[in-house]
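The values are calculated or read from the model by the stated rules, or taken from the named source; none is laboratory data. Since the model is a prediction, treat every value here as computed from it, not as a measurement. All Cβ positions, even for glycine, are placed from backbone atoms using ideal geometry, and neighbour counts span all protein chains on display. For accessibility, only protein heavy atoms count, side chains too; no ligands or nucleic acids. Shrake-Rupley method; radii C 1.70, N 1.55, O 1.52, S 1.80 Å.
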Amino acid sequence: MKQTQNESHTAVIELRHVDKFFGSLHVLKDISLSVQKGEVLVIIGPSGSGKSTLCRTINRLEGIDAGEIIIDGVPMPEEGKELANLRAQIGMVFQSFNLFSHRTILDNVCLAPMDVLKVPRKEAREKALSLLERVGVQDQAHKVPAQLSGGQQQRVAIARALAMNPKAILFDEPTSALDPEMIGEVLDVMTELAREGMTMVIVTHEMNFAKNVADRVIFMDAGSILEEGKPEDFFAAPKTQRARDFLGKL
Amino acid sequence: MSISELLTEYGDKYVQALFTTWQLTAVSFLLALLIGIVITVMRISPVLPLRMAADFYVQIFRNIPGAALLILLVYALPYLNVVLSYYMCVLIATTLIPSAFCSEYLIAGMNTIGPGQIEAARSLGMTFLQIIRNVILPQAVRSSVLPMTNLLVATMLTTALASQVPLNPRDLTGIVSYINTHAVGGVTAFVISAALYAGTAVLIGQLGSLLDRKVRILR
């Protein structure tokens, strides 16, 4: 008992026996996992394995039917102000960028810090500009999202997540909607973040990235976690036949 | 009487009537926008009774003829011991009906917003009202400028209901009845009013297109 308490204390994200159904389809089956501070967890698996759903349940964009999600020691409530407060601590980067199309790039990054965290405008703008510089799109600050390339938009989305000083960032297939030549620029930013010690949960099909950046890899199929391990072990010698088949097809 | 005779004799009355129509239109439209926004927020709120009440409101006022609503306001409300001035009755009728359409246009405008943007806002810790204020309403309003322009014209045409009650000063339709009881204006008296309605509508249309081009959201 004591040991589990100690464990849960250092975990930024912890899932305990999470189940989720879409109608009669059991999409997450008794999922338990924890992500430690500074850890980079990569989730891989075939389409429909539940990896995106898992990522989205962590900040309750998808509800769950059983189990518990604990963020930095605090159980995630189902709705209301407290849920919003906990969500503000976990960043999220989506496959389709999801920038606010009516606001400038700078506003996209400033908006939540000013409105949710009540950061003064001047401070929020300065921080936003330095984040935009960090992801290499400072020249685009006064354009609107539709004027940027996909890779640029995704880097802005990362800056927008960072602007909230999150305890962790969830990446739900961040490069799947990008042209091959833009994938690299987004992965570079993510690699940099990982090096700086950001806690990250990443759903991706970029296996080289997973090999190089992940601290731990989870392989999912049909709503269950089939394998879990260090990337060097998993990619060199997957334990399950399902994982061997999956990696063999790549 | 010819148009020029009518204009010399009743020109100032037409101008006064035009301003009455403009004023009724402007006040009704602004109130309709405000009510329409509130109703729309209720329609997408997470609270079921609010959604049901707002949907019911829209169904009622989108589907009731203006004349019927005006008759109810003038003749039925007094049975509930509510006696409003004729002006108020007209104003309420010409506000409630456009407010239902306003809500319909805003809902249509919202459907242009990618659901991902709402999820992004939620993931940033915004509450329902913050999402409404920061993400949904600004985009819904900016992408419904053209339908709102049409609604403004429709609201103006609805204010012709004012001719059905004694008002002073009269509106553009009421002035025609007035002239035709004092002189033989005939159809010509209508033509002048019609031209003033049409001219206003063209002006509104032009301004609407200009505004739309200015605030349209690049996607």
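Summary of computed values
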{"item": "Lys, Arg +1 and Asp, Glu -1 on Cβ, resulting dipole of chain B about Cα centre, debye, nearest 20", "result": "780"}
{"item": "Environment charge of residue A:178, counting only residues whose C-beta is closer than 12 Å and scoring Lys/Arg +1, Asp/Glu -1", "result": "-4"}
{"item": "Calculated FRET value between residue A:222 and residue B:30, using beta carbons and R₀ = 56 Å, to 0.05", "result": "0.50"}
{"item": "Sequence-distant residues sharing a close amide H with residue A:13 (under 5 Å, placed H)", "result": "A:35, A:72"}
{"item": "Projected-area average for the protein assembly as shown over all orientations - Cα convex hull basis, square nanometres", "result": "30.1"}
{"item": "Length-normalised contact order for region B:3-215 - Cα pairs under 8 Å, 6+ apart - percent", "result": "29"}
{"item": "Chain lengthening between residue B:50 and residue B:4 when straightened (0.36 nm per residue, less Cα-Cα)", "result": "11.0 nm"}
{"item": "Eligible aspartates and glutamates near residue A:29 by straight Cα distance, threshold 12 Å, same-chain separation 8 or greater", "result": "A:19, A:65, A:221"}
{"item": "Nearest-20 debye value, chain A charge dipole, Cβ charges on Lys, Arg, Asp, Glu", "result": "360"}
{"item": "Placed amide H near residue A:116: partners under 5 Å, 5+ positions off or other chain", "result": "none"}
{"item": "Amide H contacts under 5 Å for residue A:168, placed H, 5+ residues apart", "result": "A:91"}
{"item": "Carbon + sulfur, % of accessible area of the protein assembly as shown - ligands and nucleic acids excluded, 1.4 Å", "result": "59"}
{"item": "For the protein assembly as shown, with +1 on Lys and Arg beta carbons and -1 on Asp and Glu, the positive-most of B:72, A:91, A:220 along the dipole", "result": "B:72"}
{"item": "Rg/Rh (Cα only; Kirkwood hydrodynamic radius) as it applies to region B:96-219", "result": "1.18"}
{"item": "Fraction of antiparallel bridges per DSSP, chain A only, in percent to nearest 5", "result": "55"}
{"item": "Rounded to 10°, Cα long-axis angle of helix B:145-158 versus longest principal axis of chain B", "result": "30"}
{"item": "Gaussian network model of chain B, springs between alpha carbon atoms under 10 Å - residue of B:58, B:74, B:153 with greatest fluctuation", "result": "B:74"}
{"item": "Integer Hz, Karplus 6.51/-1.76/1.60 couplings in order for region B:194-210, x for Gly and Pro", "result": "4, 5, 5, 4, 5, x, 4, 4, 4, 4, 4, x, 4, 4, x, 5, 4"}
{"item": "Percentage relative contact order, chain A, counting C-alpha pairs under 8 Å, at least six apart", "result": "26"}
{"item": "Convex hull volume per residue in cubic angstrom - Cα atoms of region A:65-184", "result": "125"}
{"item": "Dipole magnitude of the protein assembly as shown, debye to nearest 20 (Cβ charges: Lys/Arg +1, Asp/Glu -1, about Cα centre)", "result": "540"}
{"item": "Cβ-Cβ FRET estimate between residue A:122 and residue B:133, R0 fixed at 25 Å, reported to 0.05", "result": "0.70"}
{"item": "Derived scalar couplings ³J(HN,Hα) [region B:177-190; Karplus, 6.51 cos²θ - 1.76 cosθ + 1.60; whole Hz; x for Gly, Pro]", "result": "4, 4, 4, 6, 8, 9, 8, 9, x, x, 5, 4, 4, 5"}
{"item": "Listed pairs A:211/A:239; A:122/A:167; A:211/A:249; A:20/A:127 exceeding 27 Å between Cα atoms", "result": "A:20/A:127"}
{"item": "Protein-only accessible surface order, largest first, of A:102, A:26, B:182 at 1.4 Å", "result": "B:182, A:26, A:102"}
{"item": "Label-point separation in nm, residue A:177 to residue A:24, each point 7 Å along Cα→Cβ", "result": "3.3"}
{"item": "Rg [Å, one decimal], Dmax [Å, integer] - region B:91-153, C-alpha atoms", "result": "13.7, 43"}
{"item": "Cα-based reach from residue A:143 at 17 Å (exclusive), listing lysines while leaving out same-chain residues under 8 positions away", "result": "B:214"}
{"item": "Whole-Hz ³J(HN,Hα) from phi, Karplus 6.51 cos²θ - 1.76 cosθ + 1.60, for region A:115-124, glycine and proline x", "result": "8, 8, 8, 6, 6, x, 3, 4, 4, 4"}
{"item": "Spacing of the two label points (7 Å from each Cα toward its C-beta) at residue A:192 and residue B:81, in nm", "result": "7.3"}
{"item": "Gain upon complete extension [residue B:150, residue B:72; 0.36 nm per residue less C-alpha separation]", "result": "25.5 nm"}
{"item": "Crossing angle, helix A:150-162 versus chain A [Cα axis fit, 0-90 degrees, rounded to tens]", "result": "90"}
{"item": "Other protein chain Cβ atoms within 10 Å, averaged over every residue that makes up B:113-119", "result": "5"}
{"item": "Gyration tensor (Cα) of region B:3-215, equivalent ellipsoid semi-axes in angstrom", "result": "38, 22, 11"}
